[in-house]
Structures are given as structure tokens and as C-alpha cells.
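A short worksheet on the structure shown next.
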Amino acid sequence: MSAGTITIASFAFSGPVTVPAGATVTVTNTDSADHTVTGDSPGQFDVRVPAGQTVTFTAPAAAGTYAFHCSIHPDMHGKLIVR
Ligand SMILES: [Cu+2]
């Protein structure tokens, strides 16, 4: 079961979402364009979310606030809180 969900709509991320360390995070993309959820610091997480689809990724194992962006649309920013 997913611990939290990030929704992408109209080229914006919902959130911030808070999840336990190492949890499964669901990302639902309601747009007609592909997006990514990419941690601002390399190696955190990086998942591509095709248009209209839902994917999951594993939250970092360390608590903290993780800023992320879309690597396709650099103006899109969000935050994932791990605790
Ligand atoms: Cu995007």
C-alpha cells in the first residue's frame, strides 16, 4: 500500500506530502504531458511519470525534507517530507 500520493495537474505538483522513511510513494499524472519527480540532489530519487499514468517510487531512507522538480519542465517544483 502506498504511504502517500503526489498528484500532478496543470503542470504543478500537489503537496508537500509526508511519508515514512523508505515508504512507497505513488505519483499520478493527470496531465497530457510526461513529467518526472526528480530529487534536487543527485541520487535521491528520479522517476518518469508518463502522461495520464501512475507510477511509484521508494522514498529516501533518511528523514528530511526533499525538494524535487520535473526534469522536463524545470519550473515545476515540489517537496517530499520523510520522517
Ligand atoms: Cu514536467
Which one is farthest from Gly64 (Cα to Cα) among residues in the stretch 11-27 that are in a loop (DSSP other than H, G, I, E, B) and away from the ligand (no atom under 11 Å from the Cβ)?
-> Ser14
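Taking the stated definitions as given, is Thr30 under 13 Å from Ile6 (Cα atoms), in contact with a Lys or Arg (Cβ under 6 Å, 6 or more places away or on another chain), within 13 Å of the ligand (Cβ to nearest atom) and without any contact (Cβ under 8 Å) to a residue 40 or more places away in the chain? Quick ask: steps written out before the conclusion?
On the way: under 13 Å from Ile6 (Cα atoms): yes; in contact with a Lys or Arg (Cβ under 6 Å, 6 or more places away or on another chain): no; within 13 Å of the ligand (Cβ to nearest atom): yes; without any contact (Cβ under 8 Å) to a residue 40 or more places away in the chain: yes.
No, not satisfied.
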State the number of residues belonging to the stretch 19-34 that are closer than 13 Å to Phe57 by Cβ and in contact with a Phe, Trp or Tyr (Cβ under 9 Å, 6 or more places away or on another chain).
-> 4
What are the residue pairs meeting all of these: first residue in the stretch 3-18, first residue more than 20 Å from Pro60 (Cβ to Cβ), second residue of a type in the set (A, V, I, L, M, F, W, C) and exposed (fewer than 15 other Cβ atoms within 10 Å of the Cβ), Cβ atoms under 8 Å, and 6 or more apart or on different chains?
-> Phe11/Ala33
Ile8 vs (1) outside any strand (DSSP E or B); (2) near the ligand (Cβ under 9 Å from one of its atoms): all pass except (1)
Within the stretch 51-80, restricting attention to residues that are within 11 Å of the ligand (Cβ to nearest atom) and not in a strand (DSSP E or B), which residue is nearest to Ser14 (Cα to Cα)?
-> Met76
So is Ser41 among the hydroxyl-bearing types (Ser, Thr, Tyr), modelled with pLDDT of 95 or more and either within 16 Å of the ligand (Cβ to nearest atom) or at positive phi (or both) or not?
-> no
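The values are calculated or read from the model by the stated rules, or taken from the named source; none is laboratory data. Note that this is a predicted model, so its numbers are computed, not measured. Backbone-built Cβ (ideal geometry, glycine too); neighbour counts: all protein chains shown.
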